[in-house]
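Below is one structure; the comments refer to it alone.
The values are calculated or read from the model by the stated rules, or taken from the named source; none is laboratory data. Predicted, not measured: the structure shown is a model, and the values here were computed from it. All Cβ positions, glycine included, derive from the backbone under ideal geometry; neighbour counts span all protein chains shown. For accessibility, only protein heavy atoms count, side chains too; no ligands or nucleic acids. Shrake-Rupley method; radii C 1.70, N 1.55, O 1.52, S 1.80 Å.
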Amino acid sequence: MKSHVKAVVIGGGVVGCSVLYHLARAGWTDVMLIERSELTSGSSWHAAGGFHTLNGDPNVAKLQAYTVQLYKELEEISGQSCGLHLTGGAMVADSPERMDFLRLGHAKGRYLGMDTELITPSEVKAMFPLMDEKNFVGAMWDPVEGHLDPSGTTHAYAKAAQKLGAEIVLRNPVTELTQDADGTWNVVTVNGTVRCEHVVNCGGLWAREVGRMVGVELPLLAMEHMYLLTEDIPEVMEFNKSTGREMIGVMDFKGEIYTRQERNGVLLGTYEKACKPWSPVTTPWDFGHELLQPDIDRIAPSLEVGFRHFPGIEKAGIKQIINGPFTFAPDGNPLVGPVQGLTNFWCACAVMAGFSQGGGVGLALSNWMVNGDPGFDVWGMDVARFGEWATLRYTNAKVRENYSRRFSIRFPNEELPAARPAQTTPLFDDMVAQNAVMGDSWGLETPLWFAPEGTEPKDIVSYRRSNDFKNVGNEVRATRERVGVTEIANFAKYEVSGPGARAFLDHLMTNRMPKPGRIVLTPMLNEFGKLIGDFTIANMGAKAGSVRFMIWGSSAAQKYHMRWFEQRLPGDGSVRIHRFDQTLVGLAIAGPKSQALLANLTDVDVSTSAFRFMDFREMAVGGAPCMVNRISYTGDLGYEIWMQPTYERLVYQAIKEAGEEFGIADFGMRALLSMRLEKNFPTWYRELRPIYGPFEGGMDRFVKLEKNDFIGREAAAKEKAALDAGQPMLRRVSMIVDAVDADVMGDEPIWAKIGDTDYGTVEKPHGYGAPRFDSTGAAMQATAKSPSSETDGDASAVLGLRDGDWRVVGWVTSGGYAHYVQASLAQGYVPAALAENESEDLFEIEILGKRCKARINVEPLFDPAGEKMRG
Ligand SMILES: Cc1cc2nc3c(=O)[nH]c(=O)nc-3n(C[C@H](O)[C@H](O)[C@H](O)COP(=O)(O)OP(=O)(O)OC[C@H]3O[C@@H](n4cnc5c(N)ncnc54)[C@H](O)[C@@H]3O)c2cc1C
């Protein structure tokens, strides 16, 4: 065992071996994997070995597609078989709602370039004869699905890594991790200490314990999971013989089961409702290659439905039941990336589908470690997406909820109840008393909308417009016509101070920093010129000789942004940064009467000339010390008022009392998001994400290329030059959609009638691309059924599927109903050459399988000149 390497990977499951391989492939060959026992001594050895590309997050789906495509390469490099069976698979729907869900998945697949197809139950039966097709209404076919040999695959990664020079040390538990003052890690093992620059936690079932070695409580929990193997089934053998094919995999949502052929019988696994965590607090170190006791009673309800749906399986004898643990994060996606607050401590854990996701996780993490950036939009699996509120008990409740809902439909307006309320503001009881329907915003209870008195404050979950529609409309109209108040405690808030504060922010942000008492809006870019943040920054003036800036940003990205800020703080202590979290809360008032309302609440002159649009002041409001921004995400005349939580009730009550004469109304987050749509304002994480540049994202006026220097400037300048030269690229647009009863939810494909017009390829640096993957399945196309859809042969082109003169040219990022202007609106990305074309007949957006006419609206529908906002 070497005593010093560049990086140590802890854990020899499929994920650790993939990370090791990808690091070596990226050029870091001086790397070592340390495994407690033998390779695959955690979850990996008893996995069912299924793989698929579909995932609710298109960016995670893209990495899953990469994983599947990698196996051939791995086999060639390592000489080790992965035991691949690329059978294809079908998700079967038993109800119209489930069919809507599949239609959505299929539509998403269109812009990802996936060859999914909607097919009939009889077509599924022709590929999986054990089912009774009468139980189903339809299905979605995915050719890039199958199963493999988990142990062979893990060893293939390991051998391929070793061939590239990586070292693997077995039977050697890591017992302690310490860090020297210079940042060097000491990985203490039973057989000695290895010093290294980077440590990667791939501890799988023990990832929590490895995290605890460095004082971090990672939000993950292992769940027991069962699958059964049947004896030989004559129908299966007969099918194999007559068709020359293996049966496909089938996922049955109603039965909460997945099933596929295994030898001459089938394998059938369940995600049962009565699920059971395993070792909820600590994982025993002596657990290894043993299995857990099967508990057939627990999965009996799923089996009952499953056997009814698949009578051919019921007749077969059960040969073996496997029960093994594997880990999940609260939302079911992996935890990947550098851990905030530590240097060079990385994790790749909670990978619940190691054989679908392991390759993508390894690729993204190795990119991140070697190049400083994952190269993909990995927000959906970034370890920074969880805050301090994701404690052990929170994780336990959420993981159980997630597991038991694995096959449930998640509706776009559905809030999940487990582990709530977690954090509340002082107004929580007031909001509940006013019949607010509350939502979870990064662990904080936030009012979404207000249900009428006497009705239950609850969403009727649906893909279509629902019971909030009329009420959100009322909240919007009250705000636009009079004045509204809402709680905005969920925004992220930071203070940056010290003599170096201005220079620090100037280097990080694309806009110029404001003068004292003024506010700017500014994106933040990474080195590749991609959007990694969007902030409101106020200059608070100097205090005790020190400049202070307040920053507001996206709630969910607080840890992600703190990690970025901290990594770039100068070492001389000249800049301090503080994240307020819920020690600072906020209320927003907006609408034509908001200025008069504020005037009644303060003794400061707030007339338009004294307190201008984009001004910042510290002032007393309703008798409480506050900070006030003259700015509003509603796009209307409005103010954001910030205070310590101890003052929030006082300020809120003062606003409500003084607002009475103006007919004030409370509004929730849904009304706020509806109002921002009619102003064409983007949102972080939907329109603005690390796959887009600032000019693509339409943030032009906030990017000051002539400013000295800022991170990503060079790439942004190139992007601007490309835009000016008319080179192919994407642009964010806003569209009016001819929707009937369902508005866009995000990720719908945008079709355009462009015939053979070629908008060229879009050059994306460093692996970033439009969210479609290259011809993943081309070499591995399932033989069972060839897709009828015709795909664009050019893997680097943005354009996707074709239907006559119509082609998929882009995708929706978000949208909904804009109540004040009474239009269904969508935002999304299309080729820049089309972005200002307001033609009526050019675009269609596919909503729940139906293509609706859409047209671009370049100017916002509400107050296009911004006169109301400026007052
Ligand atoms: C019954 C069952 C069925 C499944 N079916 C599928 C499926 O069909 N498809 C799919 O994709 N996934 C499936 N999974 C999930 C899959 O097994 C996991 O996603 C995957 O194994 C996770 O791999 P890992 O490398 O993260 O963790 P693990 O496999 O748990 O590996 C972690 C490794 O780290 C080592 N380690 C931990 N701590 C230390 C330390 N301190 N020092 C040294 N070494 C250490 C352990 O010994 C272990 O070998 C299934 C799981 C189960 C239980």
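A few points about this structure:
- Filtering the range 718-735 to residues that are touching a residue at least 60 places away in the same chain (Cβ under 8 Å) and either surrounded by fewer than 20 Cβ atoms within 10 Å (Cβ to Cβ) or in contact with a His (Cβ under 9 Å, 6 or more places away or on another chain) (or both) leaves LYS718, LEU723, GLY726, PRO728.
- Screening LEU54 with (1) surrounded by 24 or more Cβ atoms within 10 Å (Cβ to Cβ); (2) touching a Pro at 6+ places or on another chain (Cβ under 7 Å); (3) of a type outside the set (Gly, Ala, Ser) gives one miss only, at (2).
- Against the test of being open to solvent by 30 Å² or more (accessible area, probe 1.4 Å), of a type in the set (Val, Ile, Thr) and either part of a helix (DSSP H, G or I) or farther than 21 Å from LYS656 by Cβ (or both), the options VAL472, VAL461 yield a single qualifying residue, VAL461.
- Residue in the range 676-683 that is open to solvent by 10 Å² or more (accessible area, probe 1.4 Å) and either more than 26 Å from the chain's Cα centre (by Cα) or small (Gly, Ala, Ser) (or both) present: no
- Scan the range 264-283 for residues that are open to solvent by 50 Å² or more (accessible area, probe 1.4 Å) and either of a type in the set (Asp, Glu) or modelled with pLDDT under 95 (or both) and the total you get is 2.
- Those strands (runs of 3 or more DSSP E) lying entirely in the range 311-359 with at least 1 residues near the ligand (Cβ under 7 Å from one of its atoms) and within 24 Å of VAL199 (Cβ to Cβ): 318-328, 345-349
- Whenever a residue of the range 383-410 is closer than 11 Å to LEU218 by Cα, its partners that are surrounded by fewer than 18 Cβ atoms within 10 Å (Cβ to Cβ) and among the β-branched types (Val, Ile, Thr), lying with C-beta atoms within less than 7 angstrom and at least six residues away or across chains, give the pairs LEU392/VAL281.
- Residue check for GLY88: surrounded by fewer than 21 Cβ atoms within 10 Å (Cβ to Cβ) and either among the acidic types (Asp, Glu) or more than 13 Å from the ligand (Cβ to nearest atom) (or both): no
- Residue within the range 104-118 that is in contact with a helix residue (DSSP H, G or I) (Cβ under 9 Å, 6 or more places away or on another chain), open to solvent by 40 Å² or more (accessible area, probe 1.4 Å) and more than 30 Å from ILE460 (Cβ to Cβ) present: no
- Members of the range 334-362 found to be farther than 21 Å from ASP149 by Cα and among the hydrophobic types (A, V, I, L, M, F, W, C), listed by number: LEU335, VAL336, VAL339, LEU342, PHE345, TRP346, CYS347, ALA348
- Every condition in (1) in a loop (DSSP other than H, G, I, E, B); (2) among the charged types (D, E, K, R); (3) buried (at least 23 other Cβ atoms within 10 Å of the Cβ) holds for LYS62 except the one numbered (1).
- Some residue of the range 238-247 being assigned to a loop (DSSP other than H, G, I, E, B) and crowded, with 20+ Cβ neighbours inside 10 Å: yes
- Residues within the range 404-422 that are open to solvent by less than 50 Å² (accessible area, probe 1.4 Å), in a loop (DSSP other than H, G, I, E, B) and over 13 Å from GLY443 (Cβ atoms), tallied: 6
- For the range 28-48, filtering for residues that are surrounded by fewer than 24 Cβ atoms within 10 Å (Cβ to Cβ), within 7 Å of the ligand (Cβ to nearest atom) and either assigned to a helix (DSSP H, G or I) or of a type in the set (Phe, Trp, Tyr) (or both) leaves 1.
- In the range 541-567, the residues that are out of contact with any Gly (no Cβ under 7 Å at 6 or more places or on another chain), in a strand (DSSP E or B) and either aromatic (Phe, Trp, Tyr) or surrounded by 20 or more Cβ atoms within 10 Å (Cβ to Cβ) (or both): VAL547, PHE549, MET550, ILE551, TRP552
- So THR67, is it in a helix (DSSP H, G or I), open to solvent by less than 20 Å² (accessible area, probe 1.4 Å) and within 16 Å of the ligand (Cβ to nearest atom): yes
- Within the range 165-212, considering residues that are among the polar types (S, T, N, Q) and not in a strand (DSSP E or B), the one least open to solvent (accessible area, probe 1.4 Å): ASN172
- Subset of the range 6-27 that is crowded, with 21+ Cβ neighbours inside 10 Å, farther than 15 Å from GLY354 by Cβ and not small (Gly, Ala, Ser) - its residue that is farthest from the ligand (Cβ to nearest atom): LEU23
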